[in-house]
1. Which members of the range A:88-101 meet the condition of being open to solvent by less than 10 Å² (accessible area, probe 1.4 Å) and more than 8 Å from every other protein chain (Cβ to nearest Cβ)?
2. Applying the selection to the range B:10-53, what residues are under 13 Å from the mean Cα position of the chain (by Cα) and of a type in the set (S, T, N, Q)?
3. Which condition does A:Thr59 not pass, out of (1) without any contact (Cβ under 8 Å) to a residue 24 or more places away in the chain; (2) surrounded by 16 or more Cβ atoms within 10 Å (Cβ to Cβ); (3) not basic (Lys, Arg), if it passes all the others?
4. Among the β-branched types (Val, Ile, Thr) and either closer than 22 Å to B:Asn95 by Cα or at pLDDT below 95 (or both): is that true of A:Val97 in this structure?
5. A:Val60 is checked against (1) under 20 Å from A:Leu111 (Cα atoms); (2) part of a strand (DSSP E or B); (3) under 14 Å from the mean Cα position of the chain (by Cα) and fails just one. What number does that condition carry?
6. Got a sec? Which of B:Ser61, B:Ser28, B:Ser70 is over 18 Å from B:Val109 (Cβ atoms), away from chain A (no Cβ under 14 Å) and small (Gly, Ala, Ser)?
7. Can you spot a residue in the range A:15-30 that is under 26 Å from B:Ile39 (Cβ atoms), open to solvent by 60 Å² or more (accessible area, probe 1.4 Å), free of Cβ contacts under 8 Å to residues at least 60 places away in the same chain and in contact with a Phe, Trp or Tyr (Cβ under 7 Å, 6 or more places away or on another chain)?
8. So, in the range B:81-111, of the ones that are of a type in the set (A, V, I, L, M, F, W, C) and more than 15 Å from the chain's Cα centre (by Cα), which residue ends up nearest to the other protein chains (Cβ to nearest Cβ)?
Amino acid sequence: DTAVSQTPKYLVTQMGNDKSIKCEQNLGHDTMYWYKQDSKKFLKIMFSYNNKELIINETVPNRFSPKSPDKAHLNLHINSLELGDSAVYFCASSQEVHPGETQYFGPGTRLLVL
Amino acid sequence: DAKTTQPPSMDCAEGRAANLPCNHSTISGNEYVYWYRQIHSQGPQYIIHGLKNNETNEMASLIITEDRKSSTLILPHATLRDTAVYYCIVRGYTNAGKSTFGDGTTLTVKP
């Protein structure tokens, strides 16, 4: 049973296209996150939703739009893809936003923009 | 937010204990120490976390010094599958939802 799952695993697309990445968690958590890992392997938070409400929105271009249809799902839509968007995107979840609450990560979506 | 410092790489013989250090000298009283690892660009895998006391689970032990300025992750019997990049991060109330992974330690377990 995969706790946090993402689709697709790989995504290769052309500059200027619009694409979506989906995330689902079956842990019953209230909070979900999107992280970006760049080529230098630094992992940084992008967004977080708690009970379908946006609670963390880091300095991310507004071409990136998260959507949470329910507590178990958090999708990431990216408009007008650019070369610099190439990265690995990880979804994560936790019960709540508390420093003592563990975040569990998905397997990642490898995005390559050509 | 407290920053962490880890050695860039370490080797360990298979079957021996792997001791991975982390320095977090600016940690504040309400910040937790977390350890994750990442194998071959898979998703970060949670290992263990603690606040003040030492912790142990089925994967590892976490030893936090009394002044909380450093910690050590112990994998008691390392296997080849433990080869990975290990990240020590600190999270408190100001960055509760934000796990920022830096360089980490690349642990290589050798036969």
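The values are calculated or read from the model by the stated rules, or taken from the named source; none is laboratory data. In this text, all values refer to a predicted model and were calculated from it rather than measured experimentally. Virtual Cβ from ideal backbone geometry, glycine too; neighbours counted across all protein chains shown. Accessible surface areas use protein heavy atoms only, side chains included; no ligands, DNA or RNA. Shrake-Rupley method; radii C 1.70, N 1.55, O 1.52, S 1.80 Å.
1. The answer is A:Tyr89, A:Cys91, A:Ser93.
2. Result: B:Asn19, B:Asn23, B:Gln38, B:Gln45.
3. Tallying (1) without any contact (Cβ under 8 Å) to a residue 24 or more places away in the chain; (2) surrounded by 16 or more Cβ atoms within 10 Å (Cβ to Cβ); (3) not basic (Lys, Arg), A:Thr59 fails exactly one: (2).
4. yes
5. Only one criterion in (1) under 20 Å from A:Leu111 (Cα atoms); (2) part of a strand (DSSP E or B); (3) under 14 Å from the mean Cα position of the chain (by Cα) is unmet by A:Val60, namely (2).
6. B:Ser70
7. Checked the range A:15-30: no residue is under 26 Å from B:Ile39 (Cβ atoms), open to solvent by 60 Å² or more (accessible area, probe 1.4 Å), free of Cβ contacts under 8 Å to residues at least 60 places away in the same chain and in contact with a Phe, Trp or Tyr (Cβ under 7 Å, 6 or more places away or on another chain).
8. Result: B:Ala96.
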